[in-house]
1. Kindly provide the trypsin sites (Lys or Arg not before Pro) of the range 138-192 that DSSP labels as loop, not H, G, I, E or B, and whose Cβ sees at most 13 other Cβ atoms within 10 Å.
2. Using Cβ counts within 10 Å as a stand-in for footprinting exposure, how do Thr71, Thr95 rank, fewest first?
3. With only Lys, Arg, Asp and Glu charged, each at its Cβ (+1 for the first two, -1 for the last two), find how big the charge dipole of the range 81-208 is about the Cα centre; round to the nearest 20 debye.
4. Give me a comma-separated list of calculated 3J(HN,Hα) values for the range 93-109, in order, Karplus coefficients 6.51, -1.76, 1.60 applied at θ = phi - 60°, integers in Hz, x for any Gly or Pro.
5. Which whole number of Å³ per residue matches the convex hull of the alpha-carbon atoms in the range 1-115?
6. How do Val89, Val118, Val29, Val101 rank when sorted from fewest to most other Cβ atoms within 10 Å of their own Cβ?
7. Only Lys, Arg, Asp and Glu count, each charged at its Cβ (+1, +1, -1, -1), so figure out the dipole size of the range 1-66 about its Cα centre, rounded to 20 debye.
8. What is the list of residues in the range 41-78 whose amide nitrogen lies under 15 Å from a point 7 angstrom out from the Cα of Gln112, following Cα to Cβ?
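FYI, it's all coordinate maths here, none of it is from the lab. Quick caveat: nothing in here was measured; it's all calculated off a predicted structure. Note: ideal-geometry Cβ built from the backbone for every residue, glycine included; neighbour counts use all protein chains shown.
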Amino acid sequence: MHPNPVFRTESHEANLEFARDRGFGVLAVSVEGAPLLSHVPFVLSDDGAWADLHLVRSNPIVRALKQPLQTRLAVSGPDAYVSPDWYGVPDQVPTWNYAAVHLIGRLELRPQAELRDVLDRQSAVFEGRLAPKPAWTADKMDPEALGRMMRQIVPCRLMIEDVQGTWKLNQNKTADARLGAADGIAASRVGSEVEVLAQWMQDVGQAG
């Protein structure tokens, strides 16, 4: 995470809510050689103590999970390039604004009997966001076809020990410079979800 504390002032609850809302991240496990990475959807528990996910059985991370492993799940949000011209002050340099939360803890395999529950909870969360579309459920599948697919994946749980968030929104600049950068980001579209990021930059310091 970014070392500047000015970008790390969001509360534990806000960081968890960000991760819960995104529901998708990059799972990183350190092994001999290059770290293993996997892009995974997940469901966060109500209290933020753990995150449930599943992996394809052939995933190298699964093969490494002979015992629980220290893991980091990186959840990324909006991001955008920032041109120095937008600050309206001299002697600035380009940067990139973004929001990200890391969930850190120990990843463990769960009993295969828990897989259906994990899948049902995941689909319920994401299908619920598509209302008024009728929710898809695994009950719509042929049981044999579902069983074949489920044999190819395994349930995992990340027991969360630490939550770290970076919200890099030009908090280290004057209000005028930050708002100028927000306007530039909203118009430039160099990044992802730039309108959301620009709005967050405009909202900095307004709480309370």
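1. Listed in order of number, the matching sites are Arg151, Arg189.
2. Thr95, Thr71
3. I would put it at about 320 debye.
4. Calculated HN-Hα couplings, in order: 10, x, 8, 9, 8, 6, 10, 7, 10, 10, 9, 10, x, 10, 8, 9, 6 Hz.
5. 141 Å³
6. Val89, Val29, Val118, Val101
7. The dipole magnitude comes to about 420 debye.
8. Answer for this model: 55-59, 63.
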